[in-house]
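Peer 1: Supplied in structure tokens, the structure appears directly below.
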Amino acid sequence: MDPNLVKIISCLGAALVICVIFRCAFAHKREQWFARTASTIFNQRGALGSYLSLGYPKTWQGALVTLAQLILIVGACALIWA
């Protein structure tokens, strides 16, 4: 198997694990800190995607959570590719 393919799959897996952790950790603040858009023909989400998605931040706390999630995903991918 191609080593780059393994790295890409590992990055996707790490991102999914980080999203699950953040979803579980901030489930109680989801409605307060984040807003979600309804699924339309242009942005269809399945049941898993709807469940895992925190939404987009509507408060500064939500923005900090989103930034922390992004930093962790980028950091994990950087470690995988190093």
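Peer 1: I'm trying to understand the selection: among the residues of segment 15-36, which are in contact with a strand residue (DSSP E or B) (Cβ under 8 Å, 6 or more places away or on another chain) and either part of a helix (DSSP H, G or I) or at pLDDT below 90 (or both)?
Peer 2: Trp33, Arg36
Peer 1: Quick one: is Cys11 open to solvent by 50 Å² or more (accessible area, probe 1.4 Å) and either in a helix (DSSP H, G or I) or modelled with pLDDT under 95 (or both)?
Peer 2: no
Peer 1: Here is a list: Gly55, Gly62, Gly46. Which entry is out of contact with any Phe, Trp or Tyr (no Cβ under 8 Å at 6 or more places or on another chain) and of a type outside the set (A, V, I, L, M, F, W, C)?
Peer 2: Just a single option satisfies the conditions, and that option is Gly46.
Peer 1: Is there any pair with a first residue in segment 65-82 that is under 15 Å from Phe34 (Cα atoms) and a second that is open to solvent by 40 Å² or more (accessible area, probe 1.4 Å) whose Cβ atoms are under 6 Å apart and which are 6 or more apart or on different chains, and what are they?
Peer 2: So the pair list comes out as Val65/Phe26; Thr66/Pro57.
Peer 1: Another question, then. Search segment 37-56 for residues being among the hydrophobic types (A, V, I, L, M, F, W, C) and more than 20 Å from Leu70 (Cα to Cα), and hand back the single one that is modelled with the highest pLDDT.
Peer 2: Filtering first and then ranking leaves Ala47.
Peer 1: Is it the case that some residue within segment 50-59 is touching a Ser or Thr at 6+ places or on another chain (Cβ under 7 Å) and of a type in the set (Lys, Arg)?
Peer 2: No, the conditions are met nowhere in segment 50-59.
Peer 1: Let me ask something else. Out of Ala35, Ala78, report the one residue that is more than 12 Å from the chain's Cα centre (by Cα), aliphatic (A, V, I, L, M) and either closer than 22 Å to Ile8 by Cα or buried (at least 16 other Cβ atoms within 10 Å of the Cβ) (or both).
Peer 2: Going through Ala35, Ala78 in turn, the sole match is Ala78.
Peer 1: Next question, about the same structure. How about segment 48-63: which of its residues are open to solvent by 90 Å² or more (accessible area, probe 1.4 Å), in a helix (DSSP H, G or I) and either among the basic types (Lys, Arg) or under 14 Å from Arg23 (Cα atoms) (or both)?
Peer 2: Leu48, Tyr51
The values are calculated or read from the model by the stated rules, or taken from the named source; none is laboratory data. Here the structure is a predicted model, which means the values were calculated and not measured. No Cβ is skipped: glycine too gets one built from the backbone with ideal geometry, and neighbour counts run over all protein chains shown. Ligands, DNA and RNA are excluded from the accessible area calculation, which covers all protein heavy atoms including side chains. Shrake-Rupley method; radii C 1.70, N 1.55, O 1.52, S 1.80 Å.
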